[in-house]
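S.K.: I have a structure I would like to understand better, so I am pasting it below and will then ask my questions one at a time.
Values in this text are rule-based calculations from the coordinates and carry no lab data. Since the structure is predicted, the reported quantities are computational estimates derived from the model, not experimental observations. We place every Cβ from the backbone using ideal geometry, glycine too, and count neighbours over all the protein chains shown.
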Amino acid sequence: MKGMTVIVKKTTQILAGMIFLYGTYVVIHGHLTPGGGFAGGVIMAGAFILITLAYGSDFLNLKSKEAGSTATENISILMVILLSVVGLFLGTKIFFLNFLPKGTVGELISAGTLPLYNIFVGIEVTSSIFIIFLALVIYKEEELT
Amino acid sequence: MITYLMCFILFLTGLYGVITRRNLLKIAISLSIMEVSAFLFFTLIGYVEGGKAPIVSPAEPNQVYVDPLPQAMVLTAIVIGLATTSLLLAIIIRIYGKYGTFDIREIKNLKG
Amino acid sequence: MNPVIPILVIVPLAGAFLMMLLGRLIRDLPKYFTSVIMLFLVIASFYSLINIGPGISVYKTGGWEPINKIPIGIYMVLDGYSAIMLCIISTIGFLSAVYSISFIKRYTGENYYYALFFLMVAGMNGVVLSGDLFNIYVFLEISVIASYALVAFGVGKSELEASFKYQVLGSIASFLILFGIGLIYWKTKTLNIADIREVFKNGYDNTYYVFVQLLILSGFGLKAAIMPFHAWLPDAHSSAPSPISAMLSGVFIKAVGIYVIIRLFFNMFVISEEVALLITSLGALSMVLGVFLAVGQWDIKRLLAYSSISQMGYVILSAGAGMILISRGEKPEVAALAITGGLFHLINHAAFKGLLFLNAGAIEYRLGTRNLKEMGGLSEKMPITSATSFIASMSISGIPPFNGFFSKLIIIVACVRARFYLLAILAVIVSIVTLATFLKLQRYAFYNKGSDNESHSVKEVDGPMVFSMITLGILCILLGLLAFPSFRELVLKPAVDILMNADIYIVKIIGM
């Protein structure tokens, strides 16, 4: 599909980076403010979808984007499962144990493994929603040609 | 009391849409409306009189919060609803490719 | 705390995403590796069945201990009933995965198939092992979404239509389940199954909870394909690829439908007589109407799907009969016998219905058609398929010495001893009509003198498919041994004891 006009492309170039940064902020502060992994992940995916919509598939190679996104999603889910299983092997045999030290309430680096879970879930949700969008677009393309 | 009634009216709207609409996309949208009514009902259950949003801050020790457990359940249910809707939309696009129509009365390949 | 319990859920879940990752690196790895992981699950399930005995094992995730005897956190519970379901899921899953090695060559996108297969198995394991209401809902949705995608796997016209119908009805059912869970949480302020039963001892509002029971029965009844909610099953089970049809009809409707209904109604809700009568009549209705709809079918997989509805009616009927006796408070040993018959029929049905669907898949693989009028004379050309199909048809009709005979006998004897004579007569009539249905299938598919012009190139199917069919055939014969008292004590009696006395369930969980 063709991209959009020059004005949209220039605006997207400026805005996509800022949207991604805002999404990262929501993910990392998940244990202090509302948001967390899922909501921040959706915002980050919005940045990627905006770029794909503005530039069109004549300019970007969508199949390679899908391959890269699938690999990122699989790796980050396996990291989540790995983090939750570590407790099983540390001798205490508890699944989902919060094993890093918990700091004081209100600091950025506190609450044990929760920020790590938020980050990996955020990456995973971004990749998933981008793959869903790409799956619909690539099918439409293959049907029209 | 009036807010529970609004949830019920939203559910009935969604159900009416699923049963009577002929366009496939309208059925998908009505399913989403039905699920949203369930989420609203869940958050209404956990309301405590005079409570604040359940975010702990170290400044005020004795604060009444609303019940956070239904809110966690609603977050999970929203994600599940997203997955279901996206799969339904993908199937609808492929049905359009094979049958050539969005009308549900034309799609009657399997009978008996 | 037993570490096998979370491993049974994590291993298929990690395996799904590992298959997607490794499938791009190494060519044929997902095919064979799936069978290896499923074999590991079989060994783990049988180990937990032998280990658990009559006790209950509780796993508190996250290590959150109860405060003031009130459980916080999510509990995973393994008892005799869950262990039986785990063994069924992993056995039929393993044989289905081995069968898929040669069947899925005809489709494109093999890696996605194995990933979805693992997600379905992980979801079913999670439902069976959870002791918490909302956890059941989350794992139910994981499993059900994977099955929506698997039904539409070969993207033809009929598969997409079947998947669309299945999805719309399934979403409405999931909404009803969520609404029921919300209503329970409103009154009891807790989500743990044992704790809810504990709260019911302090006060029980009968009209409110009858409404909640009807919602839960409708929602899970649609997943289990009981009669008024059965409309999706013939389309979905006949359009799916054959190993998935065997998994869906053999395990899925049991693990996410009937298992949850029996668990919640016996161990959580206080049974009232009206709801028990309703469940029994729904079971009888499924039984009778399912088999009469099956007799007239000419598509082989649609016939098998309709007969699944009827056999599930047997299980619901026996569970309902047990519930009526418990709610009246009379003859506990007859109620135990009825529930034993129902659980035994559950195990048997997984074996012979899985085998029948695998046979139908083998016929479709070689001939390319599912219409009974176009087949014929296959008993000389496909001897193993014909022999195993004969064993399975005799099992499902209740002919001794195969396993179906023993489980139907226990159900009918229990109905007669409880003086429900109408149910016993209906069960016998349905069994006779089932025999007629499967004699029709045997005659038209295997023993008829068919049209000779197409059947020259037909020979037996490949190695992995033959292995699965022969194993299931041997299981059909061996499972009949479970009727004898020594084996019954080992496998079925612990499950029935926990279902009959909800107090054992509560004491072991809350007291820990």
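S.K.: With N residues in segment C:332-413, what two-decimal value do you get for its Cα radius of gyration over 2.2 N^0.38 Å? Write down the numbers at each step before the final one.
M.R.: Numbers: Rg = 16.0 Å, N = 82, 2.2 N^0.38 = 11.7 Å.
Ratio of Rg to 2.2 N^0.38 Å for segment C:332-413: 1.36.
S.K.: Check which residues have an amide H placed less than 5 Å from B:Arg21's amide H, if you skip close sequence neighbours.
M.R.: none
S.K.: Please build a GNM for chain B, connecting alpha carbons under 10 Å apart, and tell me which residue among B:Thr85, B:Thr43, B:Thr101 fluctuates the most.
M.R.: Maximum among the listed residues: B:Thr101.
S.K.: A further question on this structure: Need the full-extension length gain, C:Phe484 to C:Glu333, defined as separation in residues times 0.36 nm minus the C-alpha distance. One decimal, nm. Can you show the working numbers first?
M.R.: Details: separation 151, 0.36 × 151 = 54.36 nm, distance 1.70 nm.
Separation in residues times 0.36 nm, less the Cα-Cα distance, equals 52.7 nm.
S.K.: Ok, one more. Got a sec? Which residues in segment A:41-82 would a label at A:Val8 touch, if it sits 7 Å along Cα→Cβ and we count backbone N under 18 Å?
M.R.: In segment A:41-82, the label zone of A:Val8 (backbone N under 18 Å from the point 7 Å along Cα→Cβ) covers A:46-62.
S.K.: Using a 10 Å cut-off on Cβ to Cβ distances, tally the other chain neighbours for every residue of C:165-176 and report the average as a whole number. Can you show the working numbers first?
M.R.: Working: counts 3, 1, 9, 8, 1, 1, 10, 7, 0, 6, 10, 1.
That works out to 5 on average.
S.K.: As a test of the formula, what do you get for chain B when each DSSP H run with n ≥ 4 contributes -39,500 (n - 2.57) and the sum is divided by the residue count, at 222 nm and rounded to the nearest 500 deg cm²/dmol? Mind dumping the intermediate values first?
M.R.: Numbers: 3 runs with 72 residues, N = 112.
Mean residue ellipticity at 222 nm (helix-derived): -22500 deg cm²/dmol.
S.K.: Given the DSSP H assignment, sum -39500 (n - 2.57) over each helix run of at least 4 residues in chain A and divide by its residue total; what's the result at 222 nm in deg cm²/dmol, nearest 500? Write down the numbers at each step before the final one.
M.R.: Values: 4 runs with 101 residues, N = 145.
Helix-only estimate at 222 nm: -24500 deg cm²/dmol.
S.K.: Hey, got the average number of other protein chain Cβ atoms within 10 angstrom for residues in C:57-68? List each step's numbers first, then the result.
M.R.: Working: counts 0, 0, 3, 2, 6, 7, 8, 2, 0, 0, 0, 0.
Mean inter-chain Cβ contacts per residue within 10 Å come to 2.
S.K.: Any idea what diffusion coefficient the protein assembly as shown gets from Stokes-Einstein, in µm²/s, Kirkwood Rh on alpha carbon pairs, 25 °C, 0.890 mPa s?
M.R.: Numbers: Rh = 27.5 Å.
In µm²/s, the coefficient is 89.
S.K.: Could you run the Karplus curve 6.51 cos²θ - 1.76 cosθ + 1.60 with θ = phi - 60° over segment C:230-240 and give me ³J(HN,Hα) per residue in whole Hz, x for Gly and Pro?
M.R.: With coefficients 6.51, -1.76 and 1.60, one gets 9, 5, 7, 5, x, 5, 5, 6, 8, 8, 6 Hz.
S.K.: What aspartates and glutamates could a cross-link reach from B:Lys111, if we take a straight Cα to Cα line under 15 Å and drop same-chain neighbours fewer than 8 places away?
M.R.: By straight Cα distance, B:Lys111 reaches C:Glu159, C:Glu161, C:Asp235, C:Asp299.
S.K.: Helix-only mean residue ellipticity at 222 nm, chain C, DSSP H runs n ≥ 4 weighted -39,500 (n - 2.57), per residue, nearest 500. What is it?
M.R.: Computed mean residue ellipticity for chain C: -25000 deg cm²/dmol.
S.K.: When only alpha-carbon atoms are used, what values of Rg and Dmax, in angstrom, describe segment A:6-144?
M.R.: Here Rg and the maximum Cα pair distance are 18.0, 60 Å.
S.K.: Treating segment C:141-241 as a set of equal point scatterers at the Cα positions, no solvent, please give the Debye-formula log₁₀ I(q)/I(0) at q = 0.16 Å⁻¹.
M.R.: -0.73
S.K.: Quote to one decimal, in nm, the extra length available between C:Leu214 and C:Ile67 on full extension: 0.36 nm per residue of separation minus the C-alpha distance between them. Walk me through the intermediate numbers first.
M.R.: Numbers: separation 147, 0.36 × 147 = 52.92 nm, distance 3.28 nm.
This chain segment gains 49.6 nm when fully extended.
S.K.: For A:Leu83 and C:Ile429, what is the calculated FRET efficiency with R₀ set at 56 Å and r taken between the beta-carbons, to the nearest 0.05?
M.R.: Working: r = 57 Å, r/R0 = 1.02.
The pair A:Leu83/C:Ile429 has a calculated efficiency of 0.45.
S.K.: What value does chain B have for Rg/Rh, both radii from Cα atoms and Rh as Kirkwood defines it?
M.R.: Numbers: Rg = 19.7 Å, Rh = 16.8 Å.
In chain B, Rg relative to Rh is 1.17.
S.K.: Follow-up question, since we're still on this one. Starting from the Cα of C:Phe40, step 7 Å along the direction of its Cβ; do the same at B:Leu5; then give the gap between the two resulting points in nm.
M.R.: About 5.8 nm, to one decimal.
S.K.: List, in order, the whole-Hz ³J(HN,Hα) value for each residue of segment C:65-72 obtained from phi through the Karplus relation with A = 6.51, B = -1.76, C = 1.60 and θ = phi - 60°; use x for Gly and Pro.
M.R.: 7, x, 10, 6, 6, 9, x, 10
S.K.: Follow-up question, since we're still on this one. Would you mind getting me the FRET efficiency between C:Lys189 and C:Glu273? Use the beta-carbon distance for r and R0 = 41 Å, nearest 0.05.
M.R.: Numbers: r = 28 Å, r/R0 = 0.69.
That gives a FRET efficiency of 0.90.
S.K.: At what distance in nm do the modelled label points of A:Leu53 and A:Tyr22 sit from each other, each positioned 7 Å from its Cα along Cα→Cβ?
M.R.: For A:Leu53 paired with A:Tyr22, the spin-label model returns 1.4 nm.
S.K.: Please go through the residue pairs B:Lys26/C:Lys223; C:Lys157/C:Lys353; C:Lys331/C:Lys508; A:Lys2/B:Lys108; C:Lys301/C:Lys449 and name each one whose alpha carbons sit more than 30 Å apart in this structure. Intermediate results must be reported in sequence, preceding the final value.
M.R.: Numbers: B:Lys26/C:Lys223 24 Å; C:Lys157/C:Lys353 26 Å; C:Lys331/C:Lys508 26 Å; A:Lys2/B:Lys108 36 Å; C:Lys301/C:Lys449 21 Å.
Result: A:Lys2/B:Lys108 exceed 30 Å.
S.K.: Also, quick follow-up: Given axes a ≥ b ≥ c from the Cα gyration tensor, I'd like to know whether segment C:1-73 is rounded (a/c under 1.5), prolate (a/b larger than b/c) or oblate. The partial results should precede the final answer.
M.R.: Numbers: a/c = 6.16, a/b = 1.88, b/c = 3.27.
Verdict is oblate for segment C:1-73.
S.K.: Expected output is a single nm value to one decimal: the length gained when fully extending between B:Arg105 and B:Ala59, i.e. 0.36 nm times separation in residues minus the C-alpha distance. What is it?
M.R.: Details: separation 46, 0.36 × 46 = 16.56 nm, distance 6.18 nm.
My answer for the length gained is 10.4 nm.
S.K.: Neighbour counts of other C-beta atoms within 10 Å: give me C:Tyr113, B:Tyr47, A:Tyr22 arranged from fewest to most.
M.R.: Numbers: C:Tyr113 24, B:Tyr47 12, A:Tyr22 15.
Sorted ascending by nearby Cβ count, the order is B:Tyr47, A:Tyr22, C:Tyr113.
S.K.: Provide the three semi-axes, in whole Å and in decreasing order, of the ellipsoid equivalent to segment C:4-510 as defined by the square roots of 5 times the Cα gyration tensor eigenvalues.
M.R.: On the way: eigenvalues 254, 144, 82 Å².
The answer is 36, 27, 20 Å, longest axis first.
S.K.: May I ask you to derive the FRET efficiency for A:Ser64 and C:Tyr32 from their Cβ-Cβ distance with R0 = 25 Å, giving the value to the nearest 0.05? Each step should come with its number before you reach the end.
M.R.: Values: r = 29 Å, r/R0 = 1.14.
Here the calculated transfer efficiency is 0.30.
S.K.: Please list, in order along segment C:117-126, the HN-Hα scalar couplings obtained from phi with the Karplus expression 6.51 cos²θ - 1.76 cosθ + 1.60 (θ = phi - 60°), rounded to whole Hz, x for Gly and Pro.
M.R.: 4, 5, 4, 5, 5, 5, x, 5, 4, x
S.K.: Still on this structure, please answer the following. What does the charge add up to near C:Tyr112, with Lys and Arg as +1, Asp and Glu as -1, over the other residues with Cβ less than 14 Å from its Cβ?
M.R.: Numbers: positive: C:Arg24, C:Lys31; negative: A:Glu66, A:Glu73, C:Glu110.
Residues close to C:Tyr112 contribute a combined charge of -1.
S.K.: Okay, next question. Amide H neighbours of C:Ile74 under 5 Å, at least 5 residues apart or on other chains, H built in the peptide plane: list them.
M.R.: C:Thr61
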